[in-house]
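The values are calculated or read from the model by the stated rules, or taken from the named source; none is laboratory data. This structure is a prediction, so every number in the text was calculated from the model and none was measured. Every residue, glycine among them, receives a Cβ derived from its backbone with ideal geometry; neighbour counts consider all protein chains shown.
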Amino acid sequence: MVIPKFVHLNIRSDFSIVDGLANPYKIVQEAKNLNMGAIAITDLNNLFSSLKFYKVANKMGIKPIIGIDIYVQSMFQDNIIKKITLLACTKEGYRNLSMLVTLAHKIDKVNMVKVCLQQKWLTIYNKGLILLSGGISGELGYSLLKKNWKMVDKIILFYDKYFPNSFYLQLERINQKDENLYITRVLSLARIKGIPVVATNSVCFLKKKDFYIHNIRVAINRRIMISDTDFKKSYTCHQFLKSENEMIQLFRDIPEAVKNSVEIAKRCNYFFELNKIYLPVFNTGTDTEQNFLIKSAYFGLKERLNSLKIKKKNNYFIDHKKYINRLQEELKVINDMGFPGYFLIVMEFIQWAKKNNIAVGPGRGSGAGSLVAYALKITEVDPLQFDLLFERFLNPHRVSMPDFDIDFCMEKRDLVIEHVAKKYGTDSVAQIITFGTMTAKAVVRDVGRVLGYPYGFINNLSKLIPMDVGVKLQEALLMSNELQELYNTNEDVKIVVDISKKLEGVTRNVGKHAGGVIISPFQITNFVPLYFDENSNNPLTQFDKYDIESIGLVKFDFLGLKTLTVIQRTVNTINKNRKNSDQYININTISLYDKKPFSILKCSETSGIFQLESLGMKDLIRRLKPDSFEDIIALVALFRPGPLQSGMVDNFINRKHRKEKISYPDVKWQHLCLKPILESTYGIILYQEQVMKIAQVLAGYTLSEADILRRAIGKKDPIEMEKQRLIFQKGAQKKKISISLSIKIFDLLEKFAGYGFNKSHSAAYALITYQTIWLKYYYPEEFLSAVMTSDMDNIDKLIKLIEECKRMKIKILSPCVNHGYYHFHVNKKQEIIYGMGAIKGIGSHSINLIIKNRKKYGFFIDLFDFCLRIVVYKITVKIVEKLIMAGCFDFTYIDRSILVGTLPSIFISVKQYLLFKSQNQQDFFGSPLKELKMLSTNNKENIYSKWTKKTKLDHEYAVLGVYLSGHPFNEYYFELKKYIKSTKIIKISKISINKFVVVTGIIKYVKFKNTKNNKKIAIISIDDSSAIIEVVVFSNLIENVRCFLKKDTILIVKGKISFDNFNNQLKITAVNITDIEYARHTCLSKIVIYIDKNVISQNNISDIQNILKKNKKGNTLFEICYLHAHVKEFSTLQNSWNIFPDNNFINLIYSFSFIQKINLFFRKDNDINIFKIYSS
């Protein structure tokens, strides 16, 4: 072991967040390179990295010292905040350090720089700690420089009293302002008071050359420019990891300061206790946990079996002995391994959730294979019915914690966590922290910003980095030719990318684990300090889930699943309309053998269905045509890259439909004893449980041993696989199975099991899938209403669900202040009323106030009545305007444009009315109803111009994100049918990939971008009211059709269907494009308008002549037919009007109220090509 001559006691890693550049591994590696025997990492205000540092230091043979830099609020002088360093010497010292850090974060949850200790806490939590004064940045240094000798004495007295023989005066030579003056005074103080000094270097980066990069890292965190003048004073280039010799030389005039660093290191001997398990205690009264579990499991199994009898009636034999034997086996393993308390804790909070009407998932992961879990009502899948194995979850050969991942209703999950915190004590329960790092795209943006580059430059550079998850900048340069070219030729790009590479992966922020919760048997700060997130009511551990596992605390997963919220909301809506509770639906007791719901599944009508919504999955469903619950289990397991790419899926489908002979598992190599194991999957080895059962039946493995084989196959460890092969062959020989067959079966296991899926998880999630299918089949309105509520913030999803409602002929009504709620809901006519919560820019508070007023005072009579009643709630004109545009006042039968136009004057009148009313004066303008009628009369006199249909829809789209009361494309649809036969976009999913189609629609957006080969392409999104699809236009076509590629153009596209793997959606690659105007120009021979000669005026004729003059000449004849006493009189206006029928002309003609009728006549030439001929 290296005997150190100097020890760094003040190093910050990147886990300081506000500064620090290197991660703990790199720091320890550099310390090893410098031949150091010990170091301390003292991150600012946290212990995030302490265990990571501890583990890597031990591994590399360096003594780890656990400590922290932290701010302290002085109790002596005006609450100033200054820095100290604390180091843990003992177990008690670590616990005190943990408590101090926790208290500091609890007091201030907002910004880590503001986190600080109250100095008085150090009077309580001080044992086992060494305190360094903070140097020039400490309170003592501040007072010395101010020559405040009385304050110096107070501070010395305080720290000497509470940290006897553990208080050191900190020295640094890093070229700070007033540094030499401080050292002179502090050395004098040390001699007078007899207090030891210690040398440190406030290390923030490893090499001197890293100074500039570190400054950029700090600037990113502070959100300032690197050129900021104040910022330059914060750090110096000397704060790198100097070698022992460099530090000895630096403090050669104060050798005791160097020596004391070593003495402190010798005193710091705190060691984490790893690889122990600290299970929380479940209160069982006078009984033991083991007995309590046994009693609870037997009682629960009895209830389960009784319900099975009722459910199956007399048609289903229940082998009680089989269930009891399995239960006894599982209970023995659980109790022998010491985990009864774990099962009881999970049982308790799940039962509490169910009693409090909080939806709980049927299971997740391998835990669904436990009969004990099923008996305790932790899971809802009978493991014996579906051949699920307990050993896949827990067995003596794999000593690891059981791990139940529990799904709860997304909206009420936090209530369960709060219950657990109350039951086991808030000091013993916490959620788990996560750490975010600087990723490729983000770091490029950050670096560009702090260096002062323009937004456009940064944005364009960032867009060149591929979207692939986890992509590194070096990989991005290899993947993007354009990025590489810019890097080679553009100096600014090279600067940004090179700096970004050095910052990539640096810890940037903290977050919260999706569902991990720790329940500790003791006060949690005995193990780990806590962090308090500003957005959470629950504390977070300062260690991530990997470090939590290392110190032996048990993680429980409380996961939020949106589908459970959907199911519960649907069932609640259905039961609410039932007369008595006997008619209530219990979603957990529905029959899995009901064939009717499978009719929508076989037709792939799975929009809104859990796990089955993607286009790829819908395609698989169409091919497989699942007709049983076992098929749904298989669907979940099959739809993964491995099975899809291996050909396994094709084999499975062909065998199900009897297009391929079913073998167990192979036509050449099979055995009769494998049929019961593989029958449900048509002889295909699909599940990991099947691998384990085959090893048991064919080679005599126990299921625990078979789990080792399963893991060996998954890890593809050649040494372990060879060992397992020999065990398998010997076991098969004992069962009198030939060596050749056992070898081939093992080879098949090795091949297919690599794609094998956990059947327990698949079965549990298949149950949720089936429940959503069942609800959609029997209660489609309630179900789709609940799904839309859960996705009301996801416009793309809402559009698809609205399309699904149209397909199912379910009527959706506009949101309404009289009948609507925040959520979507179903009225008595089985119509879905659009949720007001889906209107953009209107918060739940405003909507709830409207609903509350409506419930108290009744329906709103009209807009004036509404404003009169809600203006007191400070609901603004803008909010009411959005409500109007969304259709919330359509019940008044007054045009939306008129309502919007009158709104400001209504608000003024209402406020005046309320003012006079508050002053006890009479209405000066009459009754509100009379006022509104007066406003309405004014509108009829065209004070406010009416919106066109398109304007109305545009406003509706602006506030809802969808077209609800109509669609701008609809008025063109029938006209387009005259020009070309096209396919509705919604039907494209049923057409094979690589087939050519023609689609029509309105352009939602156009994006131009360059490919890797620097060729321009366009990506356009078109909407035909049935669905939306992306169209890709390549460079060989783009220049010729660019004139058509504008938002709101009515487009006609011919192209090839393909699948976009990245976005998981279909797309069309265009081969030809035109728009409706060119199609009209080509196909429309004549336009005839019909006018009553008795009512037309000369002004009307002038209006027509004006728009004809402005129109460019084309080849479509324009005629007027005058109607007079049932006689038609045609005029072509001097036969000189051959027009080009563009949209502007057509819209103007249709807008003239004096025109009674318009007829369009089309050329009958079948060979007309509406597409221009473009060269490739």
Exercise. Do the conditions hold for Val152, that is, is it in contact with an Asp or Glu (Cβ under 6 Å, 6 or more places away or on another chain) and aliphatic (A, V, I, L, M)?
Worked result: no
Requested in this report: Considering every residue within the range 142-160, establish whether at least one is touching a residue at least 24 places away in the same chain (Cβ under 8 Å), crowded, with 19+ Cβ neighbours inside 10 Å, assigned to a loop (DSSP other than H, G, I, E, B) and of a type outside the set (Asp, Glu).
Outcome: no
Given the conditions (1) closer than 30 Å to Ser1058 by Cβ; (2) in a helix (DSSP H, G or I), every one holds for Ile633 apart from (1)
**Asked** Glu289: surrounded by 13 or more Cβ atoms within 10 Å (Cβ to Cβ), touching a residue at least 40 places away in the same chain (Cβ under 8 Å) and more than 22 Å from Ser428 (Cβ to Cβ), yes or no?
**Response** no
* Any residue in the range 209-223 that is in contact with a helix residue (DSSP H, G or I) (Cβ under 7 Å, 6 or more places away or on another chain) and assigned to a loop (DSSP other than H, G, I, E, B)? -> no
For the range 601-612 the number of residues that are surrounded by 19 or more Cβ atoms within 10 Å (Cβ to Cβ) and outside any helix (DSSP H, G or I) is 8
If we keep only residues of the range 565-600 that are exposed (fewer than 13 other Cβ atoms within 10 Å of the Cβ) and in contact with a Lys or Arg (Cβ under 7 Å, 6 or more places away or on another chain), then the residue farthest from Ala634 (Cα to Cα) is Tyr584
Only unsatisfied item for Ile216, checking (1) within 30 Å of Arg445 (Cα to Cα); (2) more than 48 Å from the chain's Cα centre (by Cα), is (2)
In the set Lys981, Lys990, the lone residue that is without any contact (Cβ under 8 Å) to a residue 24 or more places away in the chain and loosely packed, with under 15 Cβ neighbours inside 10 Å is Lys981
Scanning the range 731-749 for residues that are surrounded by fewer than 18 Cβ atoms within 10 Å (Cβ to Cβ) and part of a helix (DSSP H, G or I) gives Gln733, Lys734, Ile739, Ser740, Leu741, Ile743, Lys744, Asp747, Leu748
Please tell me if Lys596 is touching a residue at least 40 places away in the same chain (Cβ under 8 Å) and either among the acidic types (Asp, Glu) or more than 30 Å from Phe522 (Cα to Cα) (or both).
yes
Residue set Lys55, Lys82, Lys91; condition closer than 25 Å to Ile136 by Cβ and surrounded by fewer than 24 Cβ atoms within 10 Å (Cβ to Cβ); output residue Lys82
**Request:** For the range 243-259, state whether one or more residues are among the polar types (S, T, N, Q), assigned to a helix (DSSP H, G or I) and at pLDDT 95 or above.
**Result:** yes
Every listed condition ((1) in a loop (DSSP other than H, G, I, E, B); (2) under 30 Å from Ile548 (Cα atoms); (3) not charged (D, E, K, R)) holds for Phe435 save (1)
Of the residues in the range 228-242, those that are crowded, with 18+ Cβ neighbours inside 10 Å and part of a helix (DSSP H, G or I) come to none
Scanning the range 456-471 for residues that are part of a helix (DSSP H, G or I), more than 16 Å from Ile495 (Cα to Cα) and either touching a Gly at 6+ places or on another chain (Cβ under 9 Å) or not charged (D, E, K, R) (or both) gives Gly456
Note on the range 780-821: residues without any contact (Cβ under 8 Å) to a residue 40 or more places away in the chain and among the aromatic types (Phe, Trp, Tyr) are Tyr821
Residue pairs qualifying under the 7 Å Cβ cut-off, at least six apart or on distinct chains, with the first in the range 954-973 being part of a loop (DSSP other than H, G, I, E, B) and the second being of a type in the set (Phe, Trp, Tyr), are Tyr963/Tyr957; Leu964/Tyr834
Note: among Tyr168, Tyr212, just one is out of contact with any Gly (no Cβ under 6 Å at 6 or more places or on another chain) and crowded, with 21+ Cβ neighbours inside 10 Å, namely Tyr168
- Task: Confirm whether Leu103 is within 26 Å of Gly141 (Cβ to Cβ) and either touching a residue at least 24 places away in the same chain (Cβ under 8 Å) or buried (at least 24 other Cβ atoms within 10 Å of the Cβ) (or both).
- Result: no
Only one of (1) within 22 Å of Leu394 (Cα to Cα); (2) in contact (Cβ under 8 Å) with a residue 24 or more places away in the chain; (3) among the hydrophobic types (A, V, I, L, M, F, W, C) does not apply to Cys673, and that is (1)
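Results for (1) among the basic types (Lys, Arg); (2) under 21 Å from Cys116 (Cα atoms); (3) surrounded by fewer than 22 Cβ atoms within 10 Å (Cβ to Cβ); (4) in contact (Cβ under 8 Å) with a residue 60 or more places away in the chain, shown as yes or no for each residue.
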residue	(1), (2), (3), (4)
Ser500	no, no, no, yes
Gly505	no, no, yes, yes
Leu530	no, yes, no, yes
Leu540	no, yes, no, yes
Does Lys355 satisfy the condition of being in the same structural domain as Gly560 (by TED's automatic domain parsing), exposed (fewer than 14 other Cβ atoms within 10 Å of the Cβ) and under 34 Å from the mean Cα position of the chain (by Cα)? yes
Exactly one of Tyr25, Tyr54 is out of contact with any strand residue (DSSP E or B) (no Cβ under 9 Å at 6 or more places or on another chain), in contact (Cβ under 8 Å) with a residue 12 or more places away in the chain and hydroxyl-bearing (Ser, Thr, Tyr), and that residue is Tyr25
So the helices (runs of 4 or more DSSP H) completely within the range 472-570 holding 3 or more residues that are at pLDDT 95 or above are 491-503
Residues in the range 864-899 that are closer than 21 Å to Gly835 by Cβ, β-branched (Val, Ile, Thr) and not in a helix (DSSP H, G or I) total 2
Within the range 1035-1085, residues surrounded by fewer than 16 Cβ atoms within 10 Å (Cβ to Cβ) and under 30 Å from Gln1156 (Cα atoms) come out as Asp1048, Ser1085
